[in-house]
Amino acid sequence: MTNVESICDLAHIKDYILYSIEYQQLSIKEQEDFILSLFHSINWNKIKKEDRIILLGQIEKIEAQKLKREPFEIELLDSDYRWDDFYMDFCVDKKNKKIYSRKNFIEDGIMQVIENGKTKRVKITRINYELLDCLYHEQYHIMTRYYLNKYQLNMEDAYKEHSEYIVWGSRNGAMDIYNNKEMMQKRHYIYRMIPEEYYAYQYAEEKVQKAFQRLKASYGEDASYDNYLLYLEKTKESVVANYHENTSDKEHLTYDEIYQKLLNSYINDFENQCQEVSGTKEDLFLRKSIIKESIKG
């Protein structure tokens, strides 16, 4: 990666990105390298907080160009804005092609955290990598819907992650989790183990890790990235703990083992409801992964 400070004044990064011919003439990969380099703390701390949304908008534009889809607009909402009575840091509106976030999350690193059933605000030090993670998470949802609409007409043709979501969603009552505040707060493991969400978290994590490997080669280690990894680990531990608190399962399972166990139960229910269906688990194992196809690009 090129040393960005030798190219422009980071305090005026907005003008360079939006108005300079030099930036506009870069290839997609060169633009991506340039924008990602700004997320390393060495550069991030020199950028005005109100310009952070410009960087996120460029990441979205670049990902959209790769997929040859229309880019979504990133819009800031009031710090106290709720989605269906939930405080959320990011949310995507596929119908209106918008990605929403709270102003104080992007600009000040104020994250909404649920502890003991109550929501509180916490200022985080890993905001540069957290923003990348959140954006990649929403882009996963955009990407899967895009592929499902364009190429996948039914379960037989779908990617592995699509099919697992179809299996999950076909079960009676599966959709009841959405807009269920009690379930989201007290049994949040259920939300994390919805295939669509499980893979969105995985996709975002792998995308951020891949991006940091590129940053590390040019700028070295970053304590904010270490904090990001620590947060991921603690979050998964809390999901595991929440699973055991709310189920009678006595097995000592990891985060990913819990997902696989629940998926197996979804598959059994799916096959029982559709009695002519069998071999679903083996079929899913052979499917192509949309994540692997996308991450390697």
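The values are calculated or read from the model by the stated rules, or taken from the named source; none is laboratory data. Just so it is clear, the model here is predicted, and its values are computed rather than measured. With ideal geometry, Cβ positions are generated from the backbone for all residues, glycine too; neighbour counts draw on all protein chains shown.
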| message | Just to be sure before I move on: is L76 assigned to a loop (DSSP other than H, G, I, E, B) and at negative phi in the structure I sent? | response | no
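Would you mention how many residues in the range 32-66 are part of a helix (DSSP H, G or I) and in contact with a Gly (Cβ under 9 Å, 6 or more places away or on another chain)? Walk me through how you get there before you give the answer.
Keep residues of the range 32-66 that are part of a helix (DSSP H, G or I), which gives 32-37, 41-44, 49-66.
Narrowing the set further to residues that are in contact with a Gly (Cβ under 9 Å, 6 or more places away or on another chain) leaves 42, 49, 66.
Adding up the residues that qualify gives 3.
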| remark: Flagged pairs (Cβ under 6 angstrom, 6 or more apart or on separate chains; first in the range 35-57, closer than 22 Å to H137 by Cα; second among the basic types (K, R) and surrounded by fewer than 22 Cβ atoms within 10 Å (Cβ to Cβ)) are D51/K14; I54/K14
| query | Taking S41, is it touching a helix residue (DSSP H, G or I) at 6+ places or on another chain (Cβ under 7 Å), surrounded by fewer than 20 Cβ atoms within 10 Å (Cβ to Cβ), at negative phi and of a type in the set (G, A, S)? | reply | yes
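Working carefully through the options L286, L232, L253, find the one that is within 27 Å of T144 (Cα to Cα) and surrounded by 11 or more Cβ atoms within 10 Å (Cβ to Cβ).
L232
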| note | The residue that is farthest from the chain's Cα centre (by Cα), considering only those in the range 20-31 that are outside any loop (DSSP other than H, G, I, E, B) and surrounded by 11 or more Cβ atoms within 10 Å (Cβ to Cβ), is Y23
| message | Looking at the range 264-274, can you tell me whether even one residue there is under 30 Å from L131 (Cα atoms), of a type in the set (D, E), touching a residue at least 24 places away in the same chain (Cβ under 8 Å) and in contact with a Lys or Arg (Cβ under 8 Å, 6 or more places away or on another chain)? | response | no
| Wholly within the range 169-226, helices (runs of 4 or more DSSP H) carrying at least 3 residues that are among the charged types (D, E, K, R) and surrounded by fewer than 17 Cβ atoms within 10 Å (Cβ to Cβ) | 181-186, 195-219
| query | Which pairs have Cβ atoms under 8 Å, sit 6 or more apart or on different chains, and link a residue in the range 6-26 that is at pLDDT below 90 to one that is surrounded by fewer than 16 Cβ atoms within 10 Å (Cβ to Cβ) and of a type in the set (D, E)? | reply | I7/E22
| message | Among the residues in the range 97-105, are any at pLDDT 90 or above, assigned to a loop (DSSP other than H, G, I, E, B) and not aromatic (F, W, Y)? | response | yes
